[in-house]
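The values are calculated or read from the model by the stated rules, or taken from the named source; none is laboratory data. Please read these numbers as outputs of a predicted model, since none were measured by experiment. In this analysis, Cβ positions are derived from the backbone assuming ideal geometry, glycine residues included, and neighbour counts consider all displayed protein chains. Only protein heavy atoms, including side chains, enter the accessible area calculation; ligands, DNA and RNA are left aside. Shrake-Rupley method; radii C 1.70, N 1.55, O 1.52, S 1.80 Å.
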Amino acid sequence: MDYVSLRVSTLRGDQKIDFNVFVKIGEKHVLYLRQGDSFEGARLQRLKEKKLKKMFILNEDEGKYRKYLQQNIEQAYDNKSGKDISVRSEIVHGQQQANSEEVFENPEDAASYQNTKTMAGKYVDFLLSNSTAVANVMNIENIDKNIAHHGVAVSTMAVALADKLKTLPSDQTQILALGALLHDLGHHEHQTLISIPQVQMTPEQMRTYRTHPHLGSERVKELKHFDNQVIRIIREHEECIDGSGYPGKLIEKKQDPLSVIVATCNALDRMITFDNVPRAEAKKRIMIDRVGKHPLIHIQHLGDILKENIK
Ligand SMILES: [Fe+2]
Ligand SMILES: [Fe+2]
């Protein structure tokens, strides 16, 4: 029998599936979820804990899977669907994560970049038109320390921060969300390094870790379909306004304004997701550790965003 793979993050929500889903154990495909079941709560949690990124369906069911995806996402983005906002947020989050994984794996694919860009625009509307959307998305914990999930978190905070700053032209928000989503593209080759808390890295690991903005931007800089500002965000998101960041030691006015926003949000989610700072302490920690490295107004707004949204 022939199987095709699908991304686990696309299977969220309470909609029943009308196809069987398999996991691969060794060379064998083993039935994991039967047609008629749905991917909710504990079941999805267990899958994430196993760090399973891909599952399988029979080749002949691909059409049904596509239909499931389409329905799932349409309902999730429909402000009038009457569906619970936490379920909608989970689906939308999963789709953003899957889109980003697709670009990470194959940045040369112009169609998947375009789709990711279009959906990043829809994601901005979703966050800004539903009062509890930001909170719902931010409370989806990144238990498997997934880079694409980290991208969604940074993207969400960046949109929330831009909304508070009110200094960004509205046509820039989509690029901001997209750049934030893809900012760690350079980590795709060294996925394990990002999950080590920075204080525990050896000098050698730290050196490799710090190559990721350069690696990522070099990887995509010749690709015509990549927006220039997205490439700049990939290159500049570890810079600091005082010139103490990397790779370019750029002061604020040498950076794209979008990069400055992404850098602050990235510093915060890096603390929460990879440096194991408890969410309740993150507000205090970013104040202590990062003042001077990011605009103070960003840090203050992000502190409020945490307070307003984290359970
Ligand atoms: Fe980074
Ligand atoms: Fe990051």
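Based on the alpha-carbon gyration tensor of the chain and its eigenvalue square roots a ≥ b ≥ c, which shape applies: rounded if a/c is under 1.5, prolate if not and a/b is larger than b/c, or oblate? Prolate.
Put a dot 7 Å past the Cα of LYS307, heading toward its Cβ, do the same for ARG207, and the two dots end up 4.4 nm apart. Placing pseudo-labels 7 Å out from each Cα toward the beta carbon at GLU49 and ASP289 gives an inter-label distance of 2.7 nm.
Using the Cβ-Cβ distance between LYS64 and HIS225 with R0 = 25 Å, the FRET efficiency computed as 1/(1 + (r/R0)^6) comes to roughly 0.25. Using Cα positions and a limit of under 12 Å, work out the aspartates and glutamates in reach of LYS221, with same-chain residues fewer than 8 apart set aside. Answer for LYS221, where 12 Å is the Cα cut-off: GLU108, listed by chain and number. Across the stretch 86-219, C-alpha contacts under 8 Å between residues 6 or more apart give a mean separation that, scaled by the residue count, equals a relative contact order of 26 percent. Normalised per residue, the accessible area of the chain is 47 Å², obtained with a 1.4 Å probe and no contribution from ligands, DNA or RNA. Here the contact order of the chain, divided by its residue count and restricted to Cα pairs under 8 Å and six or more residues apart, works out to 14 percent. Between GLN191 and VAL30, the simple spin-label model (points 7 angstrom out along Cα→Cβ) gives 2.0 nm. Take 209-221, 233-245, 25-37 and order them by the average number of nearby Cβ atoms within 10 Å per residue, most first; the result is 233-245, 209-221, 25-37. Dipole check for the chain: with +1 at the C-beta of Lys and Arg, -1 at the C-beta of Asp and Glu, and the Cα centre as origin, the magnitude is about 560 Debye. In this structure, the residue pairs whose Cα-Cα separation is over 28 Å, taken from LYS249/LYS311; LYS24/LYS117; LYS253/LYS283, are LYS249/LYS311; LYS24/LYS117. Straight Cα distances below 16 angstrom link LYS54 to the aspartates and glutamates ASP2, GLU27, GLU62, GLU101, GLU102, GLU105, ASP144, with same-chain residues fewer than 8 positions distant left out.
Ligands, DNA and RNA left out, the accessible area of the chain computed with a 1.4 Å probe is 49% carbon and sulfur. Convex hull volume of the C-alpha atoms in the stretch 178-245, normalised per residue: 97 Å³.
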